[in-house]
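Notes follow once the structure below has been shown.
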Amino acid sequence: MTETDALPRSGIVPSMMRGFRCRCSHCGEGRMFGRFLKVRPKCESCGLELRHHRADDLPPYVVIFIVAHIVGYLILETELRLDVPLWVQLAIWPPVTLVLALALLQPVKGAVVGLQYALGMHGFATLPSGARPNLDAAGEATGAAIDGRISPAPLA
């Protein structure tokens, strides 16, 4: 990448959406995951180092929150509107819960890594070589350069 085609740091929502799609939070092109939940050390497209992420326990907590609300609502509606035998519900809801949880775990982890990138957390303060900092409407950097790294813009 040269200085002229370098991308500025993405905002929070675009970075999280790219991560949710399991793509690099910086360029949106490279794949974020090498295996199911194993984040690649580096983006093959733009060179952003992804090894700095610290997603830890947040993705499972978010997935539990989302899945519990969806499945809980569906169970409640089923109980109120339909007369479904208990054995049918016991056969349906655990697999639905498992499938939803597994389907959401990787995208939610990608979104958390995207959030960390957008906020410049855990080593994401430096952009790939040749990259420029975020520019505001006047063309000035929104973060302060410290030791060649760009600190994130303060939240309003």
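Can you tell me how many residues in segment 71-97 are among the hydrophobic types (A, V, I, L, M, F, W, C) and exposed (fewer than 14 other Cβ atoms within 10 Å of the Cβ)? Please lay out each step first, then the result.
Restricting attention to segment 71-97, the residues satisfying the condition of being among the hydrophobic types (A, V, I, L, M, F, W, C) are 71, 74-76, 80, 82, 84, 86-88, 90-93, 96.
Remaining after also requiring exposed (fewer than 14 other Cβ atoms within 10 Å of the Cβ): 76, 80, 82, 84, 86-88, 90-91.
Going through segment 71-97 one residue at a time, the tally reaches 9.
Any idea which of (1) more than 30 Å from T97 (Cβ to Cβ); (2) not in a loop (DSSP other than H, G, I, E, B) is the one S45 doesn't satisfy? Looking at each condition in turn, S45 falls short on (2). Considering L58, L86, the condition of being of a type outside the set (D, E, K, R) and over 13 Å from A111 (Cα atoms) is satisfied by L86 alone.
Of all the listed residues (R35, R18, R9), the sole one being open to solvent by less than 60 Å² (accessible area, probe 1.4 Å), part of a loop (DSSP other than H, G, I, E, B) and within 25 Å of H122 (Cα to Cα) is R9. One residue alone among E49, E44 is open to solvent by 90 Å² or more (accessible area, probe 1.4 Å) and among the acidic types (D, E), and that residue is E44.
The values are calculated or read from the model by the stated rules, or taken from the named source; none is laboratory data. The model shown is predicted, which means the values in this text are computed figures rather than measured ones. Neighbour counts run over all protein chains shown; Cβ positions are idealised from the backbone, glycine included. Please note that ligands, DNA and RNA were not included when accessible areas were found on the heavy atoms of the full protein model with its side chains. Shrake-Rupley method; radii C 1.70, N 1.55, O 1.52, S 1.80 Å.
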